[in-house]
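Accompanying notes for the structure given below.
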2 protein chains.
Amino acid sequence: MSILVVGSVAFDTISSPAGHVANILGGAATYFSLAASYFTNVRVVAVVGDDFSAEHEAILKERNIDTRGIERAAGKTFRWGGTYSDNPNEAKTDFTELNVFEKFQPRIPKEYLDTSFLFLANIHPTLQAAVRLEMNGVRLTGGDTMNFWIQRTPKELAETLRLVNVLLINDTETKMIAGDSNLPRAAKKVLALGPQALVVKHGEYGATIFFREGAFGVGTHPFRAPALPIDEVKDPTGAGDSFAGGFMGYIASQGEINREVLKRALFYGGVMGSFAVERFGTERLQNLSRGEIDARFQLFRELTHLE
Amino acid sequence: MSILVVGSVAFDTISSPAGHVANILGGAATYFSLAASYFTNVRVVAVVGDDFSAEHEAILKERNIDTRGIERAAGKTFRWGGTYSDNPNEAKTDFTELNVFEKFQPRIPKEYLDTSFLFLANIHPTLQAAVRLEMNGVRLTGGDTMNFWIQRTPKELAETLRLVNVLLINDTETKMIAGDSNLPRAAKKVLALGPQALVVKHGEYGATIFFREGAFGVGTHPFRAPALPIDEVKDPTGAGDSFAGGFMGYIASQGEINREVLKRALFYGGVMGSFAVERFGTERLQNLSRGEIDARFQLFRELTHLE
């Protein structure tokens, strides 16, 4: 089944202890699409400027990603600059130029309206809600958000959360939405706002999925996927979006949606996140094989598997 | 097989969002002993003052812990006061009164000299080394340390690390010893200093064991045990020492020492740490059953187990 992602395409300028790159293709929709493309057909709705070239688009097209929903607007593409120090979980933002992304109004091509799976990357919650309502035939909607929207647009976010089946955010965002510093308690409060499942991303420690009572199966036990300890994190940019791409892409590739599928999806999310950070930008995600992905999936299993 | 722990017995005064307790029995050797007592016979070498009463000793004796190695010195027992805010991983120390612990010189009763397993809790590395050299018949030695010794006594610590088979420390300590901010790289550097295995405790995210090439089995793949998300962390004090007690106690209870045993031990460590934080002080560790422990072990397995 195909999946549609709505979110940002950007040009990133990144410094880390491993080096420096300028104006490389990035953005949540880009990382998500590339990661998901190893599992299913991917369609993208985003906006870019005049500076988005055929070479940039080729990075997506080579992975068979449907780019008809990428709108070209007059002006420059969204640009972001960031620096990572020794702690890969913390980026210092050097600059943010929203450019054409500032006025982004997602337009869904009518050929996309039959898409079964939807991922709402981190954009204004009102835009997320509008897309979800337009795509009224989707089987499952995943979503992301960030501290900016949690603090500035809590009402709009609350509306969106009622439309999202699986929310994927990090520890800090979970605790911020819930106003509770204890993770499992905060997770329960977030689930009460709408989602049937909540994926909390822990960075280098993996991720946990919490289920609402009765959602996708029986019980409320959470499930945790570890992250592989990685010798060299070159560039943490896009790790979370790649995680979401692996997670949602795997789900979209399955006929059934149940807890076992979601658990395996959590592992595939970790796998794609772990590949993303090994090289700068999208480099590692452009040329993977399904064999490499499944070999790492096995490594992740063995990492926590007792005889 | 029995295990000997050498470390602190203390009286703790603790504040957390869940409440306040004053002068309750604590200390690394106490938490370790109680946790390990569910798996094997435990012997303790520590020092206490005149204020250590029969009631305090009874807490250990009721778990069949051999207290003959607890020396009574003139003066007061080590006292520590700490406050936890919302983040259970960070304690603010309110006061530290070393008292009789300041001059602690571990004396091993001769009845203890045949003990097969040894745990060197967090004390001066020179004292740790002296104990290890005196206990020359041990099969396996575990050890702990802290930032204070890493910074103040690096040479002495290096000597001790050559005598320890399994070092149990946290992420920050691992990176500090190695002078490397990347965990798997730092782990490799720590293993090069002596230990055959390194257990890195991640607090609420579980723990990872790294193996030196060829130690306890084949290969260098690490193994990770998750931690159970806990709704209410009442008092994080002693979680790491309880982890060590479950880990070492389980190993001591097994005939063989191999990677499968160490992996299961990592899960049992997490289990005992998770019980410890549910109540203030040692309360939860005093009255567990092996059935409760094994039920939680199963929960931990299910937490990461794919069909």
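Key figures
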read-out: Flag if A:Arg259 is in contact with a strand residue (DSSP E or B) (Cβ under 6 Å, 6 or more places away or on another chain) and either within 13 Å of chain B (Cβ to nearest Cβ) or farther than 16 Å from B:Thr304 by Cβ (or both); value: no
read-out: Selection within the stretch A:83-138 - of a type in the set (Val, Ile, Thr), in contact with an Asp or Glu (Cβ under 8 Å, 6 or more places away or on another chain) and farther than 18 Å from A:Met248 by Cβ; value: A:Thr83, A:Thr126
read-out: Residue list for the stretch A:63-81, filter: touching a Gly at 6+ places or on another chain (Cβ under 7 Å) and aliphatic (A, V, I, L, M); value: A:Ala73
read-out: Qualifying residue in the stretch A:150-164 (condition: buried (at least 20 other Cβ atoms within 10 Å of the Cβ), touching a residue at least 24 places away in the same chain (Cβ under 8 Å) and out of contact with any helix residue (DSSP H, G or I) (no Cβ under 9 Å at 6 or more places or on another chain)); value: no
read-out: Complete set of residues in the stretch B:227-247 that are touching a helix residue (DSSP H, G or I) at 6+ places or on another chain (Cβ under 6 Å) and either away from chain A (no Cβ under 14 Å) or open to solvent by less than 10 Å² (accessible area, probe 1.4 Å) (or both); value: B:Gly238, B:Ala239, B:Asp241, B:Ser242, B:Phe243, B:Ala244, B:Gly245, B:Gly246, B:Phe247
read-out: Residues satisfying the stated conditions in the stretch B:45-74, i.e. of a type in the set (A, V, I, L, M, F, W, C) and more than 25 Å from B:Ala130 (Cα to Cα); value: B:Phe52, B:Ala54, B:Ala58, B:Ile59, B:Leu60
read-out: Exclusive hit being touching a Ser or Thr at 6+ places or on another chain (Cβ under 7 Å) and in contact (Cβ under 8 Å) with a residue 60 or more places away in the chain, set B:Ile65, B:Ile70, B:Ile24, B:Ile14; value: B:Ile14
read-out: Tally, over the stretch B:266-302, of residues that are of a type in the set (A, V, I, L, M), in a helix (DSSP H, G or I) and open to solvent by 10 Å² or more (accessible area, probe 1.4 Å); value: 2
read-out: Condition met for B:Ser37 (closer than 23 Å to B:Ala130 by Cβ, open to solvent by 10 Å² or more (accessible area, probe 1.4 Å) and of a type in the set (Ser, Thr, Tyr)); value: no
read-out: Meets criteria (crowded, with 18+ Cβ neighbours inside 10 Å, over 17 Å from A:Pro236 (Cβ atoms) and either under 18 Å from the mean Cα position of the chain (by Cα) or modelled with pLDDT under 95 (or both)) for A:Phe32; value: no
read-out: When residues of the stretch A:180-222 are limited to those that are surrounded by fewer than 18 Cβ atoms within 10 Å (Cβ to Cβ) and among the β-branched types (Val, Ile, Thr), the one farthest from the other protein chains (Cβ to nearest Cβ); value: A:Val218
read-out: Verdict on B:Asn258 being surrounded by fewer than 18 Cβ atoms within 10 Å (Cβ to Cβ), without any contact (Cβ under 8 Å) to a residue 60 or more places away in the chain and touching a Phe, Trp or Tyr at 6+ places or on another chain (Cβ under 7 Å); value: yes
read-out: Residue tally, condition in contact with a strand residue (DSSP E or B) (Cβ under 6 Å, 6 or more places away or on another chain), within 11 Å of another protein chain (Cβ to nearest Cβ) and among the hydrophobic types (A, V, I, L, M, F, W, C), over the stretch B:263-307; value: 3
read-out: Check on A:Gly75, at pLDDT 95 or above, open to solvent by less than 70 Å² (accessible area, probe 1.4 Å) and assigned to a strand (DSSP E or B); value: no
read-out: Pairs, first polar (S, T, N, Q) in the stretch A:198-209, second in a helix (DSSP H, G or I), C-beta under 8 Å, six or more apart; value: A:Thr208/A:Leu183; A:Thr208/A:Ala187
read-out: Boolean, B:Thr145 is out of contact with any Lys or Arg (no Cβ under 9 Å at 6 or more places or on another chain), polar (S, T, N, Q), buried (at least 17 other Cβ atoms within 10 Å of the Cβ) and away from every other protein chain (no Cβ under 12 Å); value: yes
read-out: Top-ranked residue in the stretch B:46-62 [being free of Cβ contacts under 8 Å to residues at least 40 places away in the same chain and assigned to a loop (DSSP other than H, G, I, E, B); ranked as surrounded by the most Cβ atoms within 10 Å (Cβ to Cβ)]; value: B:Asp50
read-out: Cβ-Cβ under 8 Å pairs, at least 6 apart or on other chains, the stretch B:80-109 side within 14 Å of chain A (Cβ to nearest Cβ), far side surrounded by 13 or more Cβ atoms within 10 Å (Cβ to Cβ) and assigned to a helix (DSSP H, G or I); value: B:Pro88/B:Gly203; B:Pro88/B:Glu204; B:Asn89/B:Gly203; B:Asn89/B:Glu204
read-out: Of all residues making up the stretch A:112-143, the number that are part of a loop (DSSP other than H, G, I, E, B) and within 23 Å of A:Glu256 (Cα to Cα); value: 9
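Quick grid of which residues meet (1) under 14 Å from the mean Cα position of the chain (by Cα); (2) among the charged types (D, E, K, R); (3) more than 29 Å from A:Ala265 (Cβ to Cβ):
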residue: B:Glu260; (1), (2), (3): no, yes, no
residue: B:Ala265; (1), (2), (3): yes, no, yes
residue: B:Arg284; (1), (2), (3): no, yes, yes
residue: B:Glu292; (1), (2), (3): no, yes, yes
residue: B:Phe297; (1), (2), (3): no, no, no
residue: B:Leu303; (1), (2), (3): no, no, no
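The values are calculated or read from the model by the stated rules, or taken from the named source; none is laboratory data. Note that the structure is a prediction, hence the values are computed from the model and not measured. Counting neighbours? That spans all protein chains shown, and the Cβs are built from the backbone with ideal geometry, glycine included. Calculation scope for accessible area: heavy atoms of the full protein, side chains included, ligands and nucleic acids excluded. Shrake-Rupley method; radii C 1.70, N 1.55, O 1.52, S 1.80 Å.
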